[in-house]
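The values are calculated or read from the model by the stated rules, or taken from the named source; none is laboratory data. The structure displayed is predicted, hence computed values, not measured ones. Cβ: placed from backbone, ideal geometry, glycine included. Neighbour counts: every protein chain shown. Ligands, DNA and RNA are stripped out before the accessible areas are found, and what is left, the full protein with its side chains, is counted by its heavy atoms. Shrake-Rupley method; radii C 1.70, N 1.55, O 1.52, S 1.80 Å.
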Amino acid sequence: MYKRLIVFFVLALVAAPGAWSQTRTAPKAPARAPARRAAPKPAPLPPLQTETATITCPNPLGNGVKTGRMFCDVLTGREPADGILVDIPPHVGPVTLTFDLHNRHMYSEELIKSNRAYRRYTASIGVLTMDNTLVSRAVVQSEFRSASDLVDRIGGGAGPGGVKAVAPTGSEPIVIEIPAETEDRVSILGEKLAIERLDGVDKFELPGQPVAIISNVMLEYRPAPPKRTPTPRRR
């Protein structure tokens, strides 16, 4: 009798852990955090576009007989509206304005033959927004001794070969960054000119005087996306 009780007691102890492990509740796995959605990628910027600028020239000189370029006088002044107006298309970000800046020479065969044609020019101009904010200045300096120093001759004159006496000499490539917030127009306005001759120096600063010449006006910019037209609501 006692032996049976002992055997039963031992069997119960052996079976108890298994029974406990079978009835115990398994721990729950921690809940997964919801997956985060990736932030939308910003729209790609439109590609850069380069084009000939549309300008309003208050004193056009004409086209070059060699280059075919249109040359325009830069006049001194105090109001942006008096300068060369450059239209800025709708854009995203800054706009790069480029042009060639030349000195303005009055050509004379007589002065060359008499060895009195030497000139040293220093002209300065400014690029301004239409509210008279200065964006940048530019300077061109060059010397003239003979016809080979001319950049081009301008057609439409009464001189030999049908060219004008005024001609561009010296050439300075100008690159100016127009701020992104500038709206639709900037002005190129002359500031002053100094001409050194063999017998003296002339200076020009009064409003309305031509002090330099520009050509090859270009713009580089990112076009603004077209404005979306709202869809009319159905009645």
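What the table below lists for this structure:
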read-out: Accessible surface of the range 105-235, 1.4 Å probe, proportion on carbon and sulfur as whole %; value: 49 percent
read-out: Segments 145-158, 192-205 sorted - mean Cβ within 10 Å per residue, highest first; value: 145-158, 192-205
read-out: Among Asn103, Ala138, Leu128 the positive-end extreme of the charge dipole of the range 91-225 (Cβ point charges); value: Asn103
read-out: Rounded to the nearest 20 debye, dipole of the range 101-202 from Cβ charges on Lys, Arg, Asp, Glu; value: 560 debye
read-out: Efficiency of FRET from Cβ geometry, Glu205 and Asn115, R₀ 30 Å, rounded to 0.05; value: 0.50
read-out: Ala194-Arg222 pseudo-label distance in nm [points 7 Å out on the Cα-to-Cβ vector]; value: 4.2 nm
